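Note sheet for the following structure.
The values are calculated or read from the model by the stated rules, or taken from the named source; none is laboratory data. Only a predicted model underlies this, so the values are computations on that prediction, with no experimental measurement involved. Positions of Cβ are backbone-derived with ideal geometry, glycine not excepted, and every protein chain shown enters the neighbour counts. Remember, those area values only see protein heavy atoms, side chains included, never the ligands or the DNA or RNA. Shrake-Rupley method; radii C 1.70, N 1.55, O 1.52, S 1.80 Å.
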Amino acid sequence: SNAEITKRADELNRLFKKYDTYIGNAVEKHGVDKNLIKAVMFKESSGIPDQVSSLGAVGLMQIKPDTASELAGREVSVEELKQPELNIDLGTKYIKQLLDIFDYEELSLAAYNWGQGNVRQNCRDTFNSCKHIPKETSDYVELVSKYRNYLDINEGKFVAGSDGEAREIKTGSL
């Protein structure tokens with residue numbers, strides 16, 4: 001329902017309000033949609049900046065130090081990755097690289113979660129073409145897409161279809 005969508009979007013926006021400047025700077029610098037970044041951050045860390053996973057991923061966007069170091073072109077420590085500004089910048093840069101490589105948002109999200117090598121090996125050109133995709137990755141892509149839809153619909157960029165999916169608003173059709 002629209003009330004549910006508004007409620008969810010408001011929760012996400014409230015949770016990340018303190019990071020709006022960092023998100024704004026990162027999405028402008030790297031050319032990525034801010035709602036996509038908020039959705040990834042929510043799924044990755046629920047907004048906890050110093051979270052470290054059992055696999056060693058760190059911070060709001062759950063980036064591994066080796067990936068962060070590659071993205072930054074210098075050694076990046078676990079402690080540095082707990083800093084929201086750097087974490088958001090590097091995570092957004094990584095999402096942009098994946099979008100450039102894989103073209104489709106769903107495939108890029110799968111690569112963010114499952115790894116580029118796995119996506120290259122098991123997927124052709126669309127997410128639906130993926131073979132042997134782990135349930136965790138398909139759930140991840142579905143949830144990030146759902147959160148992003150909530151944010152987009154709430155901003156009036158899209159309207160909710162009968163299936164709850166976001167539909168682009170066509171000018172002049174309302």
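Brief remarks follow.
- Nonpolar atom fraction for the chain, defined as the carbon and sulfur part of the 1.4 Å probe accessible area, stands at 47 percent.
- Relative contact order of the chain: 21 percent, from C-alpha pairs under 8 Å at least 6 residues apart in sequence.
- Remark: the Gln116-Lys146 segment gains 8.6 nm on full extension, using 0.36 nm per residue and subtracting the alpha carbon distance.
- Cα centroid of the range 94-162 to Cα centroid of the range 1-67, whole Å: 15
- Modelled spin-label separation between Ser54 and Asn25, with each label point placed 7 Å from Cα along the Cα-to-Cβ direction: 3.5 nm.
- Shape of the range 87-152, Cα gyration tensor, a/c cut at 1.5: oblate
- Size of electric dipole in the chain: Cβ of Lys, Arg +1 and of Asp, Glu -1, about Cα centre, debye, nearest 20: 180
- In the chain, helical runs assigned H by DSSP with n ≥ 4 each contribute -39500 (n - 2.57); averaged across all residues and rounded to the nearest 500, the mean residue ellipticity at 222 nm is -19000 deg cm²/dmol.
- Based on protein heavy atoms only, the chain ends up with 55 Å² per residue of surface accessible to a 1.4 Å probe.
- Read-out Rg/Rh (Cα atoms, Kirkwood Rh), derived from the coordinates shown; its label in (i) 0.97; (ii) 0.99; (iii) 1.28: (i)
- Within a Gaussian network of the chain (alpha carbon springs, distance under 10 Å), most fluctuating of Tyr19, Tyr150, Tyr112: Tyr19
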